[in-house]
Amino acid sequence: MYNTLPQYPHKSTRELKASLFLFRLLSSRFVVRTSLHLWRFLQHIRFPIKLLIGFTGYGQFCAGKDVASCFAIAEKLAHYKVFSVLDYANEHAKSAADYDHNAAVVLETIAAAKRNSAYPFAVVKPSAIGSFELYHKKGLGHKLNANEQLIWTTMQQRFEQLAKAAKQAAVVLMIDAEESWIQDGVDMLVLPLLRKYNNLKVVVVLTIQLYLKDRNDLYKRLLKDADEKGYVLGVKLVRGAYMEKERSRAAALKISSPVCNNKYETDSQYKDALENALKNLNKHFCIVATHNQSDINWVVEYCSRTNISLGNPNLWFSQLYGMRDYISFSLAKQNANVFKYVPFGPLEQAVPYLIRRALENSAMKSQTLQECLMLKKELKKRKLNG
Ligand SMILES: Cc1cc2nc3c(=O)[nH]c(=O)nc-3n(C[C@H](O)[C@H](O)[C@H](O)COP(=O)(O)OP(=O)(O)OC[C@H]3O[C@@H](n4cnc5c(N)ncnc54)[C@H](O)[C@@H]3O)c2cc1C
C-alpha cells in the first residue's frame with residue numbers, strides 16, 4: 001500500500017515553513033492573479049527583478065541558474081534515492097540563435113547525466129529547439145517554401161544531434177509535449193528517432209498527453225508499431241498542462257476542443273494508458289508523470305498484485321521539483337525509481353515557467369491544500385520530536 005506519511009527529509013524546518021507560506025499564497029487565485037499583474041508591471045518599468053528573488057517562488061520551483069549550480073540540490077535528493085532531470089526553463093525561444101543555444105544547454109545536461117548518476121535522464125521541449133510555426137505548418141501537411149524547408153532540416157538535425165549524444169552517453173532523452181496543434185509536426189521529427197535509436201534499449205522517450213481525445217489511441221498504435229518493428233517504446237504519460245489555452249483556442253477558431261470533455265474522461269484515458277504501459281513493461285518503458293495520488297496508489301497496488309517490482313528498470317515515477325515531495329520520497333522509500341523534473345535557468349528567463357506553476361497550483365486548489373496539509377503535518381511532527 002502506498003505510504004502517505006509526510007516525507008520531507010531533504011528540507012530544513014525553515015525551508016518547510018517557507019514552502020508552506022508559498023503554497024498558502026498559491027492556493028488563492030486572487031493572490032496569484034494580483035501578483036501576476038504586479039509582476040508584469042515591474043517588468044514593464046524594468047524594475048531590477050533579481051532584487052525580488054526571495055518573493056518569486058524561484059527557490060521553491062527552480063534549482064539554480066545553470067547546470068553547475070543545480071548540482072548541490074541534485075546530490076541532496078539523490079542521497080534519498082530521488083533522482084533529478086535538469087529541465088532548462090526557457091519557454092520563449094524565437095530565433096535560430098535561441099534554438100542553438102537551447103540545444104547546447106540540453107547537450108550540457110546530457111554530459112552532466114553521463115558523469116553523474118544523480119541525473120538518469122535529460123529532457124527537451126520541442127519549441128525550445130525549433131520554430132513553433134513550422135511544427136504547426138508541417139503538422140497541417142502544408143508545403144514549406146525553400147527557406148522554411150532549410151529551417152525544418154536544421155530542426156531535424158538538432159533532434160538528431162541530441163538523440164545521438166544521448167545514445168553515446170547512455171542517457172535517456174525525454175521529449176516534452178506542448179500545445180496540441182504543434183504535436184503532429186513534432187511527431188514527424190520524433191517518431192523516426194524512436195525507431196532509429198530505441199532498437200536495443202530505450203534512448204528517446206515521447207510524451208503522451210492523455211487529456212487529448214486522440215492520444216490514447218495513438219499510444220495503442222505505437223505499442224503495436226513498436227512490437228512489429230522491434231523497437232522499445234519509451235513514453236512519459238501525463239494528463240496535459242495547456243487545458244485552458246487549448247479550450248480558448250478551440251472556442252476562438254470555432255472548432256471542437258481536442259481536450260476531453262471533462263476530468264472523468266481524462267482520468268479514464270490516463271488509467272487505461274497506465275494499464276497498457278504496465279502490461280507491456282517486459283518490453284517497453286514508461287514514466288508515470290503525475291501528482292495524482294490515487295493513480296500512484298493504483299500503480300503501486302497493481303504492481304504488487306501482478307508481481308511487478310517497483311524497481312523494474314522500465315518503470316519510473318516523476319513529480320515536479322518543489323511539488324508533491326511527500327509522494328516522491330515515499331515512492332523512493334519503497335524502492336521505486338523516482339525522479340524530479342528540476343527546472344533551472346536565470347530568474348528573468350524562468351518567469352513564464354514560474355507563472356505556469358503558480359496558475360496551475362491556484363487552479364488545482366484541492367491538491368495545493370493537500371500539499372499544505374502534508375507540510376503542516378511534517379512541521380507538527382518535527383515540533384513534537386523536538
Ligand atoms: C514529471 C512531469 C512531467 C510533465 N511533463 C509534461 C509535458 O511534457 N507536457 C505537458 O503538457 N504536461 C506535462 N506535465 C504536467 C501534467 O500534464 C499535468 O498538467 C500536471 O501533472 C497535473 O496533472 P496530474 O495528473 O498531476 O493531476 P490531476 O490533478 O489528477 O489532473 C489535473 C489535470 O487533469 C486534466 N483536467 C483537469 N480538469 C479537466 C477537465 N475539466 N476536463 C478535462 N481534463 C481535465 C488537466 O490535464 C489537468 O492538468 C508534467 C508533469 C509532471 C509531474
Just list whichever of Lys17/Lys340; Lys137/Lys213; Lys213/Lys376; Lys65/Lys196; Lys224/Lys254 have alpha carbons separated by over 26 Å in the model shown.
-> Lys213/Lys376; Lys65/Lys196; Lys224/Lys254
Label 7 Å along Cα→Cβ of Lys17; the stretch 350-385 residues with amide nitrogen under 13 Å?
-> 379-380, 383
For the chain (alpha-carbon point model, no solvent) the Debye-based log₁₀ I(q)/I(0) at q = 0.06 Å⁻¹ works out to -0.22
Give, in nm to one decimal, the length gained when the segment between Glu301 and Leu347 is fully stretched (0.36 nm per residue of separation minus the Cα-Cα distance).
-> 12.5 nm
Given pairs Lys11/Lys381; Lys220/Lys245; Lys220/Lys333; Lys125/Lys164; Lys245/Lys279 and cut-off 23 Å on Cα-Cα distance, the over-length ones are Lys220/Lys245; Lys220/Lys333; Lys245/Lys279
Point-charge dipole on Cβ atoms (K/R +1, D/E -1) for the stretch 119-212, about Cα centre, debye to 20 | 400 debye
Would you mind checking which residues have amide H under 5 Å from Leu320's amide H? H placed 1.01 Å from N; only 5 or more apart, or other chain.
-> Tyr341
Cα centre as origin, Lys/Arg/Asp/Glu Cβ charges: the chain dipole, Debye | 1020 debye
Does a label point 7 Å from the Cα of Arg29, set along Cα-to-beta-carbon, have any residues of the stretch 171-203 with amide nitrogen under 14 Å, and which are they?
-> none
Which whole-number percent gives the relative contact order of the chain, counting Cα pairs below 8 Å spaced six or more residues apart?
-> 27 percent
Kirkwood hydrodynamic radius for the stretch 221-260: how many Å is it when counted over pairs of different Cα atoms?
-> 12.6 Å
Report the Stokes-Einstein translational diffusion coefficient (µm² s⁻¹, integer) for the stretch 84-133, Rh taken as the Kirkwood radius over Cα pairs, at 10 °C with viscosity 1.306 mPa s.
-> 142 µm²/s
Rounded to whole Hz, the Karplus (6.51, -1.76, 1.60) HN-Hα couplings of the stretch 168-177, x for glycine and proline = 4, 8, 6, 10, 7, 10, 8, 10, 5, 10
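Relative contact order for the stretch 120-224: what percent, with Cα pairs under 8 Å and sequence separation of 6 or more? The partial results should precede the final answer.
On the way: 117 pairs, mean separation 35.0, N = 105.
Normalised by residue count, the contact order of the stretch 120-224 is 33 percent.
Between Glu75 and Gln334, what length comes free when the chain is fully extended (0.36 nm per residue of separation minus the Cα-Cα distance, one decimal in nm)?
91.3 nm
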Run through the DSSP bridge list for the stretch 148-299 and note the antiparallel percent, rounded to the nearest 5.
-> 10 percent
Restricting the count to DSSP beta bridges whose residues both fall in the chain, what percent are antiparallel, rounded to a multiple of 5?
-> 5 percent
Between Ser268 and Leu373, what is the spin-label point distance in nm, taking each point 7 Å from the Cα along the Cα→C-beta axis?
-> 2.7 nm
Take the alpha-carbon centre of the stretch 250-309, take the same for the stretch 81-125, and report the distance between them in whole Å.
-> 26 Å
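Readers should treat all values here as calculations from the given coordinates under stated rules, not as data from a laboratory. Being a predicted model, the structure only gives us computed values, none of them experimental. Note: ideal-geometry Cβ built from the backbone for every residue, glycine included; neighbour counts use all protein chains shown.
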